[in-house]
Amino acid sequence: MIFRAMPPFDLAAVRGRVPPDPLTRFAPSPTGYLHLGHVANAIWVWGVARALGGRVLLRIEDHDRGRSRTGYERAALEDLDWLGLVPDLGLPEELRAGASPYRQSDCAEVYAAALERLRGRARVYACDCSRRDIALEAGDVFDQETRYPGRCRNRGLVERDGVGVRMVLTDGTETFADLRLGETAQAPARQCGDLLLRDRAGNWTYQFAVVVDDLRHEVDLVIRGEDLLPSTGRQILLGRMLGRERPPMFLHHPLIRKENGAKLSKSSGDTGVRELRATGATPERVLGQAAWSTGLLARSEPISAGELPSLFT
Ligand SMILES: [Zn+2]
C-alpha cells in the first residue's frame, strides 16, 4: 500500500494536450554524482512518461567539456540501472558506440551546423565579455538573473578562439501552458538579454545545446525542475529561430527540500545516491525518499521503479 500524496495534476487533462506516446528525456550533466534531486527528476520523467504510454530518452549533457568527467557518466548509468530506471533511447550500448547522438560532446558538428542555420534567421555576433565584465556593466538584475547589457552588439568583433557567440533577442513575450503550473508568460530579452550560444572557452552553452537536441531528438515533452522555468521562454524562442514549428510541452516540477527545508545542493554529501547505497539503502528506499521530498508521497516509504506511474494516476 502506497501513501501517495495528492495527484500533482490531472493526468486525464494532460493526456489530451500532449502527443500520444510522448518522448521525454532525462539529461544529467556528468559534472558530479547523482543525488536525490536527480532521482526526484527521474521519478517525474519516468513516472509521467510511463503513465502516458510514452518513452524516455537518456541524454548526457556534457557540453561543458571542462567540468564533465567520463567517470561521472559511468556512475550515473550504473546508478540509474541500480534504481531500475531503464531508458528507451540513449541506452548504455548506444552511448558506448562512439559518436553517439545522445552524448553532447560527440555532436560538435551538429551544433556548428545549427549555428550556421541560425545565422540566416537571427543576428549573431561575437562577444568577448567575461562574467566579471557583465556583472560590472550590467547592474541590471531581473528577477535575480544578470541581464547581458549588449556591450558587444555593435562592436563588430571577429569570431575567433577565445571569443564567445551571442544571438540578439528581440523584445517580445513568449507564452506557454506548463502542464502543472498553467499559463506562463516570459520576456526573454528583459530576463537575460542577448543569448550566449558558445562561450569564450568554445563550449556550446546549455541553452543552445538543449534546444538543438530537443529539436533533433524530437522530444515533445520536457519534464524538469522549477529552477529551469525562467529558461523556457528563451528556449521556445530559440527553437522557433532554428525552425521548430511547435515547441515541446513543458512540465516543471517542485525542487526537492530536505527535512530542514533547505534547498539541496550538489555538495550535500548526505543525499548522494552513492552515499545512500553505501549505507545499505535499497533502490526502493532511495526512490521513496526522493518521491516524498518532491511531494509525490505523503511519507517516505519504499516504492519500486515499476510503481512510479501510480504516483501520477
Ligand atoms: Zn560582450
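Solvent-accessible surface of the range 180-313, averaged per residue with a 1.4 angstrom probe and all protein chains in place: 42 square angstrom. The DSSP beta bridges internal to the chain are antiparallel in roughly 60% of cases. Cysteine residues of the chain whose C-beta has no other cysteine C-beta under 4.7 angstrom: Cys107, Cys129, Cys192.
One way to sum up the overall shape of the chain is the equivalent ellipsoid from its Cα gyration tensor, whose semi-axes run 34, 21, 20 Å, largest first. In whole percent, and with a 1.4 Å probe on the protein chains, what portion of the accessible area of the chain is carbon and sulfur? Within the chain, the accessible surface is 49 percent carbon and sulfur. Note on Ala201 and Asp270: the model spin-label points, each 7 Å out from Cα along the C-beta direction, lie 3.1 nm apart. Secondary structure note: in the range 157-292, about 65% of the DSSP beta bridges are antiparallel.
Helix 108-119 axis versus longest C-alpha principal axis of the chain: approximately 50°, rounded to the nearest ten. Counting only protein heavy atoms and a 1.4 Å probe, the range 1-66 has 37 square angstrom of accessible area per residue. Would you work out if the range 88-171 is rounded, prolate or oblate? Take a ≥ b ≥ c from the square roots of the eigenvalues of the alpha-carbon gyration tensor; rounded if a/c is under 1.5, else prolate when a/b is larger than b/c, oblate otherwise. Prolate, since a/c reaches 1.5 and a/b exceeds b/c. Note: relative contact order over the range 154-220, using C-alpha pairs below 8 Å and six or more positions apart, is 32 percent. The largest accessible area among Asp161, Asp133 belongs to the first residue in Asp161, Asp133, and the rest follow in falling order (1.4 Å probe, all chains).
Projected onto the charge dipole of the range 114-240 (+1 at Lys/Arg Cβ, -1 at Asp/Glu Cβ, origin at the Cα centre), which of Leu221, Val165, Gln186 gives the Cα projection farthest towards the positive end? Of the candidates, Val165 comes out farthest on the positive side.
Accessible area ranking (1.4 Å probe, heavy atoms, ligands and nucleic acids excluded), largest first, for Met6, Met167, Met249: Met6, Met249, Met167. What residues from the range 28-44 fall in the zone where the backbone N is under 17 Å from a label point 7 Å along the Cα-to-C-beta line of Arg277? In the range 28-44, the label zone of Arg277 (backbone N under 17 Å from the point 7 Å along Cα→Cβ) covers 28-40, 42-43. Charges were assigned to the Cβ only: +1 to each Lys and Arg, -1 to each Asp and Glu. The resulting dipole of the chain about its Cα centre is roughly 520 debye. For the range 17-127, the equivalent ellipsoid derived from the Cα gyration tensor has semi-axes of 26, 20, 13 Å, listed largest first.
Per-residue extension of 0.36 nm, minus the Cα-Cα distance of Arg74 and Glu94, leaves a gain of 5.9 nm for this segment.
Which residue fluctuates the most in the chain, going by a Gaussian network model with Cα springs under 10 Å, if the choices are Arg277, Arg50, Arg224? Per the Cα network of the chain with a 10 Å cutoff, Arg277 tops the list. Taking the chain as a Gaussian network, Cα atoms linked when under 10 Å apart, which of Leu237, Leu181, Leu36 shows the biggest mean-square fluctuation? Residue with maximal mean-square fluctuation among Leu237, Leu181, Leu36: Leu181. Look at the dipole of the chain built from charges on Cβ: of Met241, Ser105, Asn41, the Cα furthest out on the positive end belongs to Met241.
Here is the P(r) of the range 179-313: all C-alpha pair distances, binned every 10 Å from 0, give 10, 31, 30, 23, 6 in whole percents. Express the C-alpha Rg of the range 172-223 as a ratio against the empirical globular expectation 2.2 N^0.38 Å, rounded to two decimals. Compactness ratio reported: 1.35.
Approximating the spin labels as points 7 Å out from Cα along Cα→Cβ, the Arg160-to-Glu301 distance works out to 6.6 nm.
The values are calculated or read from the model by the stated rules, or taken from the named source; none is laboratory data. Quick caveat: nothing in here was measured; it's all calculated off a predicted structure. Neighbour counts are summed over all protein chains in view; Cβ atoms, including those assigned to glycine, are modelled from backbone coordinates with ideal geometry. Note: areas computed on protein heavy atoms with side chains; ligands, DNA, RNA excluded. Shrake-Rupley method; radii C 1.70, N 1.55, O 1.52, S 1.80 Å.
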